[in-house]
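Each reported figure results from applying straightforward, stated rules to the coordinates on display, with no laboratory input. Note that the structure is predicted; figures quoted are calculated from it, not measured. Please note: Cβ atoms are built from the backbone with ideal geometry, for glycine as well, and neighbour counts cover all protein chains shown.
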Amino acid sequence: MAQFNIAHLYPDLMNLYGDRGNLICLKKRLAWRGHECRIQSVGLGQAIDFDNMDMVFMGGGSDREQGLVYEDLITRAEAFFDAIEAGLPVLCICGAYQLLGESYIAADGQKLQGLGFFDFITRGSEPRLIGNILLETQLNGRNTTVVGFENHGGRTYLDDPRLEAFGRVVKGYGNNGQDGSEGLKYHNLIGTYLHGPLLPKNPVVADFYISAMAERRGLTATITPLYDSIENFAHQQVKYKILTS
Amino acid sequence: MLRTILAIIAAKIIIKLSRRFGNQGTVMAGRVARRLDPGILRKLAGRVEKQIIIITGTNGKTTTSNMIAQILNADGHKIVHNRAGANMLNGITTAFIGATNLTGSRSWDYALLETDEANVAPLLKEVDAGVLLVTNFFRDQLDRYGELDYTIGLIKEGVKGRRLRLWLNADDPLMSSFPQDTGLPCSYYGFDETPYDTLENHNSREGRYCMLCGEEIEYLRFHFAQLGVFRCPKCGNQNPEPDFVATDLQLDQGIAMKVNEIPIKSPYQGFYNAYNLLAAVALTRGLGVRDAVIQEALARFQPQAGRMERFSVGEREATLILVKNPTGFNQSLQALLQDGRSKNLFLALNDNAADGRDISWIWDADLEVLAEPGAGITILVCSGLRSGDMAVRAKYAGVDSGVIEIESDLEAGIKKTLGGTGQVGYILSTYTALFQCRKILLGMQSEPSVKAEPRRAYQKS
């Protein structure tokens, strides 16, 4: 039995649409395998040691809140990016995902700086891209589908050749509604527009994070399969709904 | 003129037919009428002689407007009032047509229009309202409008330049920017200290940041959610002085309180309903209704469909509750847990437009309380179009997987629930499954060997 530490960045500011469901999910799935999980909230100006973290999670926020977060996070950007390069598991949703890029250009032309970890930009535009979404992706060498809900005004364009998308859109909008890509994946970082409870009904994605965390600790033997019939039912129910709508 | 009459006749026929088939959705009638005569709402609303009152906000719209309707009726006024769920332009048009005569010449004293936040601006383009009452702002159905800030902005834009009085909740910091941004006259209602206040709030709280300057707000106390006594340390923004203040709140049996020293009693329950009462008292006092009329009307007023409505099925009692957002869900769960008996619980989650297409909000509700020792959940049946998501939420809240059942069909689900070993049934449902659940419960109630009359919640039998 081990203790895993997950940092929840700016829970007060970046917590739209039930994002906390992802942390509840990780904590439970670790507990069911006999591990403890400590979730450390990190607010504006509070210290964080990325080297001692097993994972980092950041959710979406409104525009104003995103601005505050940028000001704070830019001061720790270097340490954060080094950790990502070293394979730190990170999940960034919606606004947090947009922050990873160069900038966000609002519909009125106003430019908000991003952390610049990757060479991509997001353009705000109407209408908002809203609805259930179905992706196909590969995780831990396995093909899998991912279901979720997206609601974003921003269109993200991945121009960096190092970047691969998190998944291909089967139905829905994804990064920009045009090129069929959704989110981004880089080492153990996933950025995505699938907000809210992404992990609970996509247990494969949840376990991708858990195996990544365990592997970094040299605990690979501990990823026992769980009995996911309820999770899989929910996954299939949404998938069916999306495919038949 | 002929066009108007045609539109009215067509819509009245649709209303009749849809009632015959037991359909609650009368939105279609308004849609057809508006197509036949796009000016119909403006014309009919022009027949309102005293005032058009609009009620908006996240929670409590229906209850508050029903309370106001009850008071205005008791005061002898003729009113037109749209019903819950029919609160966009088509539904409101249906309400006027249902209340008018064939030539559209009937007049009313007041129109009481409950409407969605995003519908305030379009509605004000067609009706000259004198009053807009806002109940509160919580996170609700975000997928329809994006973020809460945006929703608030929509209302402010909608009222700007109109001749309106705003009635605002003095305890909601999210309303702070209304006077400055709209330039309109504002009246306020709010609570004094109550024995139910807390100094800290762990629930999903909105509006942590000042609407005027962006600084984090300091709270002296919370009434519930983000409603409380607040102050911005940077710009000094704080609760406005309420025109109507509620004191001496007691929630033990029903609700008792004083509003500007007038004692008010109601068979409703819960702090959120105390806010609805306060808003109704404030607004109707503002219209000049006498205290005695208000007191009597509210004391007699019973909760209605899905607002804790009670049924008896066989030997057991079942309570139907509407849930539509995290705050309401939490309140319902709290009410349920105050019941010490063992419970068969049913949770129906739909994702139609009126429920909100995005079901993520169930993760902002604290279902964890269902797993607490003493919660007494014997069976938890998850149902509706998104039964799977509900079941996953319950599982991750810590409810024993062995207690969770998935039965997407509402009728089969309710039967399974009420066949459980618990002493009492609780049927929680999102909006578009509510009427069906109610029909199923009524049907089960009138089956042989069971009492025929529905027992309404809190009615003394």
One finds the C-alpha centres of the stretch B:218-250 and the stretch B:333-401 to be spaced, in Å, by 31 Å
Taking a crude spin-label model, label points 7 Å out from Cα along the C-beta direction, the A:Arg76 to B:Arg341 distance in nm is 5.1 nm
Taking the alpha-carbon centre of each part, the distance from the stretch B:86-126 to the stretch A:169-245 in Å is 45 Å
Per-residue Cβ contact counts at 10 Å, fewest first, order A:Ile93, A:Ile105 as A:Ile105, A:Ile93
Checking the stretch B:287-350 for trypsin sites (Lys or Arg not before Pro) in a loop per DSSP with at most 14 other beta-carbon atoms within 10 Å yields B:Arg290, B:Arg341
Note on chain B: contact order normalised by length, alpha-carbon pairs under 8 Å, 6 or more apart, percent, works out to 12 percent
Once the in-chain neighbours fewer than 8 apart are removed, the aspartates and glutamates whose Cα is under 13 Å from A:Lys239 read A:Glu136, A:Glu231, B:Asp389
For chain A, Rg(Cα) over 2.2 N^0.38 Å is 0.95
Neighbour-count ranking for B:Asp181, B:Asp409 (other C-beta within 10 angstrom, fewest to most) reads B:Asp409, B:Asp181
Listing B:Arg162, B:Arg285 by rising number of other beta-carbon atoms within 10 angstrom, fewest first, gives B:Arg162, B:Arg285
Expressed as a whole-number percentage, the relative contact order of the stretch A:3-244 with C-alpha contacts under 8 angstrom and at least six residues apart is 19 percent
Mean other chain Cβ within 10 Å across A:17-24 is 6
Looking only at lysines whose Cα falls under 22 Å of B:Lys12's and that sit 8 or more positions away or on another chain, we get B:Lys43, B:Lys78
In nanometres, the difference between 0.36 nm per residue of separation and the alpha-carbon distance of B:Gln51 and B:Asn73 is 6.5 nm
Hull surface over four for the Cα convex hull of the stretch B:316-456, reported in nm², is 7.7 nm²
Restricting to aspartates and glutamates and to Cα separations under 13 Å from A:Lys111, and discarding same-chain partners fewer than 8 apart, the set is A:Asp63, A:Glu102
Given pairs A:Lys28/A:Lys201; A:Lys201/B:Lys439; B:Lys61/B:Lys395 and cut-off 21 Å on Cα-Cα distance, the over-length ones are A:Lys201/B:Lys439; B:Lys61/B:Lys395
tail above 36 Å in the computed P(r) of chain B, as % of all Cα-Cα pairs, reads 29 percent
When the charge dipole of the stretch B:307-445 is computed with +1 at the Cβ of Lys and Arg and -1 at the Cβ of Asp and Glu, the Cα pointing farthest to the positive end, of B:Ile321, B:Gly402, B:Gln334, is that of B:Ile321
Within 10 Å of the Cβ of an average residue in A:193-205, the count of other chain Cβ atoms is 3
Gyration tensor on Cα atoms of the stretch A:116-245, a ≥ b ≥ c root eigenvalues, a/c under 1.5 rounded, else prolate if a/b beats b/c, else oblate, says oblate
If unit charges are put on Cβ atoms (+1 for Lys and Arg, -1 for Asp and Glu) and the dipole of chain B is taken about its Cα centre, the option from B:Ser383, B:Gly46, B:Ala292 lying farthest towards the positive end turns out to be B:Gly46
Rounded to one decimal in nm, the spacing of the 7 Å Cα→Cβ label points at B:Lys125 and B:Lys16 is 3.3 nm
Partner shielding of A:228-236, taken as the mean number of other chain Cβ atoms within 10 Å, equals 6
Here, A:Asp108 and B:Asp400, labelled 7 Å along Cα→Cβ, have an inter-label distance in nm of 5.7 nm
Toy charge model, Lys and Arg Cβ at +1, Asp and Glu Cβ at -1: the protein assembly as shown dipole around Cα centroid in debye, rounded to 20, equals 3300 debye
Among B:Met28, B:Gly190, A:Gly218, the residue whose Cα sits farthest towards the positive end of the charge dipole of the protein assembly as shown (+1 at Cβ of Lys and Arg, -1 at Cβ of Asp and Glu, taken about the Cα centre) is B:Met28
Those cysteines in the protein assembly as shown that have no second cysteine Cβ within a distance under 4.7 Å are A:Cys25, A:Cys37, A:Cys92, A:Cys94, B:Cys186, B:Cys382, B:Cys437
1/(1 + (r/R0)^6) with r = Cβ-Cβ of B:Val293 and B:Arg42, R0 = 30 Å, i.e. FRET efficiency to nearest 0.05, evaluates to 0.45
Computed about the Cα centre, the charge dipole of the stretch B:307-445 from +1 Lys/Arg and -1 Asp/Glu charges at the Cβ has a magnitude in debye, to the nearest 20, of 340 debye
Normalised Cα Rg of the protein assembly as shown, dividing by 2.2 N^0.38 Å with N its residue count, works out at 0.98
